[in-house]
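Trainee: One structure, as structure tokens, below. Some questions next.
Bear in mind that the values in this text are calculations on the coordinates, not laboratory data. On a predicted model such as this, the values are computed, not experimentally measured, just so you know. All Cβ positions, glycine included, derive from the backbone under ideal geometry; neighbour counts span all protein chains shown.
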Amino acid sequence: MKDRILIAGGGIGGLAAAIGLAQKGLKVLVLEKAAQLGEIGAGIQLGPNAFHAFDYLGVGETARNMAVYIDNLRLMDALSGDEITRIPLDDAFRSRMGNPYAVVHRGDLHGVFLKACQAHANVELRTSSGVAGYDQDANGVTAILADGNRVDGLALIGADGLWSNIRKQMLNDGAPRVSGHTTYRSVIPTEDMPEDLRWNAATLWAGPKCHIVHYPLQGWKTFNLVVTYHNDAPEPVAGKPVSHDEVRRGFEHVAPVAKQIIDKGTDWKSGCFATAIRC
Ligand SMILES: Cc1cc2nc3c(=O)[nH]c(=O)nc-3n(C[C@H](O)[C@H](O)[C@H](O)COP(=O)(O)OP(=O)(O)OC[C@H]3O[C@@H](n4cnc5c(N)ncnc54)[C@H](O)[C@@H]3O)c2cc1C
């Protein structure tokens, strides 16, 4: 079938591209490596431009319904515990930008696009279909799957993440650079978040070689904790469970008010995101 667009990767990027193309009348086949479509359990911050894009893709209202609308972006000094600055996200901000600044659970946001794709006749979603590479000629493109199967299409979009095989074949510009920073993430029930830090804000505590981020999620049921420190990590790691002690090691020097956030985290997982970057 040469009349469809192929998309390698069914993450937020791949599914957003799929629904956008489908709404333009094009047929789309999403090829996802994983056995199930889904997203990691953590939060994501959405600037006003994201909501402009969601509206364009017809999912604005659904995305708005699951977002938490924070009052401020707060920058804190992790050594002294003092506030450095804050940006109010009030009505003046919203009317200037034409949309709010919000935070949302990644799984929820991915679910918005997944439902929209599943409901659209032009989108086909295929799991357990890792794309190893592609062939192309004047008439179209053929995705070569990891199991050797070949899938034809008009064009192929690489939305297969940081370690994209499509990018590798097209640009051959090498592996992502390892930055040496390691990020750890945890999502905790709101009642476990220190009471004095249950702020309706996306907060960043900045310290030497480390920072801590937290904000509420899922209608204030949970708090997203993302902490990063520079430990010269030699290689990227993704989704690996890590001990509390490992996480704490990078934050021995921060003020008690900030350190208590680390102590509240549970089921910490390392993420490859901050250790491997494209530049
Ligand atoms: C710590 C951190 C915090 C962030 N916070 C924010 C934020 O607050 N706001 C924001 O806007 N952005 C944020 N980002 C960036 C944002 O998360 C990413 O840009 C976005 O999730 C990338 O989505 P994607 O669909 O392109 O890729 P991915 O989410 O990586 O999805 C790729 C998909 O492709 C699949 N895949 C992989 N290889 C293959 C293959 N060979 N064949 C087929 N399928 C394949 C994977 O299984 C996956 O489903 C953050 C990033 C990090 C690291």
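Trainee: At 7 Å along the Cα-to-beta-carbon direction for both residue 163 and residue 132, put a label point, then send me their distance in nm to one decimal.
Mentor: Inter-label distance under the simple model: 1.6 nm.
Trainee: With only alpha-carbon pairs counted, each pair once and no self-pairs, how large is the Kirkwood hydrodynamic radius of region 59-122 in angstroms?
Mentor: It works out to 14.2 Å.
Trainee: Round to the nearest 0.05 the FRET efficiency obtained for residue 120 and residue 95 when R0 = 35 Å and r is the Cβ-Cβ distance.
Mentor: 0.60
Trainee: Also: For every helix of n ≥ 4 consecutive DSSP H residues, a contribution of -39,500 (n - 2.57) applies; sum these over the chain, divide by its total residues, and give [θ] at 222 nm rounded to the nearest 500 deg cm²/dmol. Before the final figure, lay out the partial values.
Mentor: Numbers: 8 runs with 71 residues, N = 279.
Dividing the helical sum by the residues of the chain leaves -7000 deg cm²/dmol.
Trainee: Still on this structure, please answer the following. Please compute the volume of the convex hull spanned by the alpha-carbon atoms of region 212-270 and report it per residue in Å³.
Mentor: Considering the Cα atoms of region 212-270, their hull volume per residue is 92 Å³.
Trainee: Let me ask something additional. Give me the extension gain from residue 2 to residue 66: residue separation times 0.36 nm, minus the current Cα-Cα distance, reported in nm with one decimal.
Mentor: The span from residue 2 to residue 66 would gain 19.3 nm if fully extended.
Trainee: Taking the number of other C-beta atoms within 10 Å as the exposure measure, put 190, 182 in order starting with the fewest.
Mentor: Fewest to most other Cβ atoms nearby, the residues stand as 190, 182.
Trainee: Related question: Counting only Cα atoms, I'd like the Rg/Rh figure for region 1-141, Kirkwood definition for Rh.
Mentor: Values: Rg = 18.7 Å, Rh = 17.1 Å.
My calculation of the ratio gives 1.09.
Trainee: To continue, here is another question. Calculate the tail of P(r) for the chain: the fraction of all Cα-Cα distances greater than 34 Å, expressed in %.
Mentor: Percentage above 34 Å: 27.
Trainee: Tell me the label-point distance for the pair residue 152, residue 252, using the 7 Å Cα-to-Cβ offset, in nm and rounded to one decimal.
Mentor: Label-label distance for residue 152 and residue 252, simple model: 6.4 nm.
Trainee: Given Cα pairs under 8 Å that are at least 6 residues apart, what percent is the relative contact order of the chain?
Mentor: Here the relative contact order equals 22 percent.
Trainee: Compute the signed sum of charges (Lys and Arg +1, Asp and Glu -1) over the other residues within less than 14 Å, Cβ to Cβ, of residue 248.
Mentor: Working: positive: 249, 259, 264; negative: 245, 246, 252, 263.
That sum, taken over residues with Cβ under 14 Å, equals -1.
Trainee: When Rg is the radius of gyration of the Cα atoms in region 1-64 and Rh is its Kirkwood radius, what does Rg/Rh come to?
Mentor: On the way: Rg = 13.1 Å, Rh = 13.1 Å.
Result for region 1-64 is an Rg/Rh of 1.00.
Trainee: Here is a further query. Mind listing the phi-derived Karplus ³J(HN,Hα) values for region 152-158, rounded to whole Hz, using 6.51, -1.76 and 1.60 with θ = phi - 60°, and x for any glycine or proline?
Mentor: Result, rounded to whole Hz: 8, x, 6, 8, 10, 9, x.
Trainee: Write down the radius of gyration of region 178-277 and its Dmax, each obtained from C-alpha positions, in Å.
Mentor: 12.9, 38
Trainee: Give me the Å³ per residue figure for the convex hull around the C-alpha atoms of region 182-234.
Mentor: With only Cα atoms used, region 182-234 gives 77 Å³ per residue.
Trainee: How many nm separate the modelled label positions at residue 171 and residue 52, each set 7 Å beyond the Cα in the direction of the Cβ?
Mentor: Between residue 171 and residue 52, the label points sit 2.4 nm apart.
Trainee: Output the relative contact order of region 178-277, whole-number percent, from Cα pairs under 8 angstrom with separation of 6+ residues.
Mentor: 41
Trainee: What dipole magnitude, in Debye to the nearest 20, does the chain give about its Cα centre under +1 on Lys/Arg Cβ and -1 on Asp/Glu Cβ?
Mentor: Its charge dipole is roughly 500 debye.
Trainee: For residue 226, what is the net charge nearby, where nearby means another residue's Cβ is under 12 Å from its Cβ and Lys, Arg count +1, Asp, Glu -1?
Mentor: Charge balance near residue 226 sits at +3.
Trainee: On to the next question. Semi-axes of region 104-150's equivalent ellipsoid from the Cα gyration tensor, sqrt of 5 times each eigenvalue, largest first, rounded to whole Å?
Mentor: They are 28, 14, 10 Å, listed from largest to smallest.
Trainee: Now a separate question. Please find the FRET efficiency linking residue 86 to residue 221, where r is the Cβ-Cβ separation and R0 is fixed at 35 Å, and quote it to the nearest 0.05.
Mentor: That gives a FRET efficiency of 0.90.
Trainee: Taking the alpha-carbon distance from residue 115 and a cut-off under 19 Å, which aspartates and glutamates remain once sequence neighbours fewer than 8 residues away in the same chain are dropped?
Mentor: Straight-line reach from residue 115, under 19 Å: 32, 39, 55, 61, 124.
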